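Derivation of every value follows stated rules applied to the coordinates shown; laboratory data play no part. Everything numeric in this text was worked out from a predicted model, so none of it was measured. Here the Cβ is made from the backbone with ideal geometry for all residues, glycine too, and neighbour counts use every protein chain on show.
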Amino acid sequence: MELYCNLKFRVIGEALTLFAAVMLLLLWMSEKALKAPWGRMMHAIRDNEDAARAMGKDVTRQHLQVFIIGSAIVGMAGAMLVTLDGQFTPGSYQPLRFTFLIWIMVIIGGSGNNWGSILGGLVIWLVWIEAEPIGAMAIDFLTSQMGDTNSIKIHLINNAAQMRLVLMGALLLAVLRFSPGGLIPEKR
């Protein structure tokens, strides 16, 4: 058993090392690209496509180029997900986990900002991991005066996992209210 646990932690450590290396490499490459003339052109196209087109830029070609680069990055992320989870089947696809959470990570961190996206990813991951146990403790505390056979208490305890969604929504609303540009807003 001890050998199995040591092997498991070693594999997880190697996967985390690989993830960190790929993330740092992609962050470095994207920061270099955004500070280059190509990045300034992308900002110009994002801010005003008509003006960029008037300056002679092929906007459609640039959109296609960004789509291909983004698809390559998402492909690498998918390969790393499958490496970590072991398999990915269409039936196991959960839009909340693979689409909505990533969208919230970017919004909370700050769209248009690589560092903000990383910070948003870490914050949302931490909240997602800790929301269920904290929600279960809160529900247990709030229902401590009820009997163990009380149907409301049983229902609330059985649905403690839904506290994740409540906390995600509350966090998203708080960030949008008090820092509409995200935790690290894009510099203009």
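Residue order for PHE67, PHE100, fewest other beta carbons within 10 angstrom first, comes to PHE67, PHE100.
Model label sites at ARG97 and ILE129, defined 7 Å from Cα along the beta-carbon direction, differ in position by 1.6 nm.
Net charge near ILE134, counting Lys/Arg +1 and Asp/Glu -1 over other residues with Cβ under 13 Å of its Cβ?
Values: positive: ARG164; negative: GLU130, GLU132, ASP140.
Net of charged neighbours comes to -2.
Among complete DSSP H helices in the chain, those whose alpha-carbon atoms stretch at least 18 Å along the helix's long axis and whose mean Kyte-Doolittle hydropathy reaches 0.0 are 2-35, 59-85, 114-142, 163-178.
If R0 is 35 Å, the Cβ-Cβ spacing of VAL82 and ALA54 corresponds to a FRET efficiency of close to 0.20.
Counting only Cα atoms, I'd like the Rg/Rh figure for region 1-93, Kirkwood definition for Rh. Rg/Rh: 1.19. The amide H of ASN113, built 1.01 Å from its N in the peptide plane, has no neighbour under 5 Å, considering only residues 5 or more places off or on other chains.
Measuring nothing but how far apart in sequence close Cα pairs (under 8 Å, 6+ apart) lie, relative to its length, region 1-160 scores a relative contact order of 11 percent. Computed over the alpha-carbon pairs of region 85-188, the distance histogram in 5 Å steps reads 2, 12, 17, 17, 15, 13, 11, 7, 4, 1, 0, 0 percent, short to long.
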